[in-house]
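The values are calculated or read from the model by the stated rules, or taken from the named source; none is laboratory data. Everything quoted here is computed from the prediction, not taken from an experiment. Cβ sites come from the backbone with ideal geometry, for glycine too, and all protein chains shown count toward neighbours. Ligands, DNA and RNA are excluded from the accessible area calculation, which covers all protein heavy atoms including side chains. Shrake-Rupley method; radii C 1.70, N 1.55, O 1.52, S 1.80 Å.
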Amino acid sequence: MLELALRRIGAMVPLLVLVSLIVFGLVLLVPGDPAVTIAGEDATDAQIAATRQRMGLDDPLLEQYWRWASAAVQGDLGTSMFSNRSVSGAIAERFPATLSLTAMAIVLALLVSVPAAIAAALHRGGWIDRTATLGTAVGVAMPNFWLGLLLATVFALHLDLLPATGYVPLDDAPLAWLAHLLLPAATLGLAAAAELTRQLRSALIDVFDQDYLRTARAKGLRGGSVVTKHALKNAATPVVTVLGMRISVLLGGTVVVEQIFGIPGLGQLAIEAVLQRDLPMVQGVVVVTAVLVMLANLAVDLSYGYFNPKVRAR
């Protein structure tokens with residue numbers, strides 16, 4: 001497993017370099033001159049030129065990239081053009097909210113998808129299976145922003161059961177933290193649950209038809225033991241793959257969901273930075289998000305070694 005982890009980490013390095021080059025290059029294509037934005041529309045040409053020189057915008061692009069990338073490797077993602085605040089500090093402040101939202105969405109997705117997929121696979125062709133299939137189709141097709149508004153309208157405005165907006169840190173008030181995250185986490189998690197249910201159901205049906213499961217049943221093993229100890233582990237590989245892909249979708253979905261529910265996370269920070277044309281902040285948020293996605297994919301690759309030992313030798 002250690003050798004597998006080292007190989008995967010080694011493969012992440014060139015990918016991260018490529019991502020940083022793309023992020024740095026695309027941000028420079030954003031319309032508008034950052035020096036003009038910072039100096040102000042009424043600034044003179046001399047003031048704009050001084051601002052551009054102070055920020056190093058007159059330097060060659062490769063020199064600008066090398067300066068930025070060298071600092072980023074050391075944890076310094078630069079300074080905001082508008083608040084004059086450390087980008088790393090701003091991201092560290094917003095990161096717990098996004099991490100909490102994403103983690104809770106994953107937990108909710110697993111709590112919904114695993115029982116639903118098992119029930120559908122065990123009752124293949126029955127009303128439970130048809131209901132689960134219909135539910136997955138609706139869950140995949142439903143847009144996040146529409147589902148979020150619907151949940152907030154029903155559970156926050158009409159029933160007054162949960163808060164509609166805001167965020168409370170976990171260490172301040174755990175119950176309030178949970179209450180504020182339930183609706184946005186459900187908004188993100190239900191679509192993931194639908195996709196996971198569909199994949200896990202198909203994988204379980206294939207596994208249930210294998211000879212070794214028929215043998216286990218013939219030996220008198222209980223149905224629950226057959227499913228949990230034999231079928232689930234062998235059906236988990238494609239599901240883990242989908243889960244790894246859904247994590248990147250969940251991180252992208254936080255941009256919309258955080259706006260709807262007023263959560264001060266990385267998604268909201270990214271939107272604010274784009275509207276202000278705060279290039280260092282945009283670069284920092286995108287790079288951190290890319291690293292999170294790579295780490296999620298690394299965890300998925302390592303989990304293959306657990307579910308299928310043959311992968312460790314590759």
Evaluate the stretch 53-63: report whether one residue or more is open to solvent by 30 Å² or more (accessible area, probe 1.4 Å), farther than 20 Å from residue 277 by Cβ, part of a helix (DSSP H, G or I) and not charged (D, E, K, R).
yes
Scan the stretch 245-264 and tell me whether some residue there is out of contact with any strand residue (DSSP E or B) (no Cβ under 8 Å at 6 or more places or on another chain) and farther than 20 Å from residue 181 by Cα.
yes
In a helix (DSSP H, G or I), of a type in the set (Val, Ile, Thr) and either under 30 Å from residue 35 (Cα atoms) or at pLDDT below 80 (or both): does that describe residue 257?
no
Going through 109, 137 one at a time, which residue ends up being of a type outside the set (S, T, N, Q) and either surrounded by fewer than 18 Cβ atoms within 10 Å (Cβ to Cβ) or out of contact with any Gly (no Cβ under 7 Å at 6 or more places or on another chain) (or both)?
137
Residue 178 being within 20 Å of residue 123 (Cβ to Cβ), part of a helix (DSSP H, G or I) and at pLDDT 85 or above
no
Pairs needed: first member in the stretch 99-124, touching a residue at least 12 places away in the same chain (Cβ under 8 Å); second member anywhere, in a loop (DSSP other than H, G, I, E, B) and open to solvent by 70 Å² or more (accessible area, probe 1.4 Å); C-beta distance under 9 Å; at least 6 residues apart or different chains.
100/170
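Here is a yes/no grid of residues against (1) at pLDDT below 85; (2) over 23 Å from residue 96 (Cα atoms); (3) in a helix (DSSP H, G or I); (4) not basic (Lys, Arg):
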{"position": "118", "(1), (2), (3), (4)": "no, yes, yes, yes"}
{"position": "121", "(1), (2), (3), (4)": "yes, yes, yes, yes"}
{"position": "132", "(1), (2), (3), (4)": "no, yes, yes, yes"}
{"position": "149", "(1), (2), (3), (4)": "no, yes, yes, yes"}
{"position": "161", "(1), (2), (3), (4)": "no, yes, no, yes"}
{"position": "169", "(1), (2), (3), (4)": "no, no, no, yes"}
{"position": "190", "(1), (2), (3), (4)": "no, no, yes, yes"}
Restricting attention to the stretch 80-99, does a residue exist that is open to solvent by 60 Å² or more (accessible area, probe 1.4 Å), in a helix (DSSP H, G or I) and acidic (Asp, Glu)?
yes
